[in-house]
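The structure appears right after this line, and notes come after that.
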Amino acid sequence: MTVPLVPDAARISRDPQILNALYRSLGNALSHWQHVETALYALLHRLLCTDNDATSTVFFHIQSFETKAQLVDKLCALRLTNDCYKDFWVPLRKEITHGQDFRNGMAHFEVNHIYADQFDYKDSRFPVALTPHHLDRKWKRGTTVKAIYVEMLEANATESTILAKKIIQFGYQNVPAWQLQVKSLPPSLQRILEIIRNEASSATPPQQPQP
């Protein structure tokens with residue numbers, strides 16, 4: 001989804017109802033993204049073939065999610081058969097990258113009010129969106145910029161849970177001794193993984209345009 005590029009800080013909405021809807025959906029989407037990081041942690045744990053303390057040290061020493069995903073990618077290439085890597089992991093890795101790009105938008109875009117003459121209520125119930133920072137010159141090459149609406153954030157919360165389940169299912173179906181290794185994780189994490197699987201099983205993400 002895109003909106004006209006009008007870099008004007010005064011465009012930020014002051015309507016509490018509109019802003020509360022955006023911030024509530026943003027917080028919900030960001031918190032659900034943690035399901036993806038948790039699932040990736042479990043996958044890394046199995047691929048490292050080590051104890052939980054070592055996995056925790058490695059995973060949380062790395063600051064960026066992109067680098068964590070790259071490490072898991074390298075280990076999948078090392079531990080799995082070539083066919084499994086290409087046929088099952090690579091497509092999932094592309095989904096993870098897409099989710100990562102959306103997450104980065106949630107973390108780094110700014111709140112932007114959409115003027116009435118530029119807004120279509122078929123796109124959203126609220127004339128407000130997250131857009132790239134108006135001081136970021138790389139977004140000023142055209143007349144429009146990417147925009148994340150409230151409905152896209154609401155959909156993303158569900159999509160993140162489903163993506164997390166896909167990562168967990170990938171481990172169960174393709175990584176040798178996955179179940180045995182998962183049992184070495186803390187009981188609290190084992191319960192979270194099971195909750196993610198159950199939540200995703202009952203969820204169907206609404207179809208929303210992508211930013």
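The values are calculated or read from the model by the stated rules, or taken from the named source; none is laboratory data. Please read these numbers as outputs of a predicted model, since none were measured by experiment. Ideal geometry is used to build each Cβ from the backbone, glycine not excepted, and the neighbour counts take in all protein chains shown.
Once segment 158-173 is narrowed to residues that are of a type in the set (S, T, N, Q) and closer than 21 Å to Gln100 by Cβ, the residue that is surrounded by the fewest Cβ atoms within 10 Å (Cβ to Cβ) is Gln169.
Restricting Thr57, Thr97 to residues that are surrounded by fewer than 18 Cβ atoms within 10 Å (Cβ to Cβ), under 25 Å from Asn156 (Cβ atoms) and at pLDDT 95 or above narrows the list to Thr97. For segment 39-54, residues that are touching a residue at least 40 places away in the same chain (Cβ under 8 Å) and surrounded by fewer than 18 Cβ atoms within 10 Å (Cβ to Cβ) total 3.
Evaluation of Ile62 against the conditions (1) surrounded by 20 or more Cβ atoms within 10 Å (Cβ to Cβ); (2) modelled with pLDDT of 95 or more; (3) in contact with a Lys or Arg (Cβ under 7 Å, 6 or more places away or on another chain); (4) among the β-branched types (Val, Ile, Thr) shows that the sole unmet condition is (1).
Among the residues of segment 22-69, those identified as assigned to a helix (DSSP H, G or I) and among the β-branched types (Val, Ile, Thr) are Val36, Thr38, Thr55, Thr57, Val58, Thr67.
Within segment 83-100, can you find the residues that are under 14 Å from the mean Cα position of the chain (by Cα) and acidic (Asp, Glu)?
Glu95
Checked across segment 1-16, the condition of being out of contact with any Ser or Thr (no Cβ under 7 Å at 6 or more places or on another chain), modelled with pLDDT of 90 or more and loosely packed, with under 14 Cβ neighbours inside 10 Å holds for no residue.
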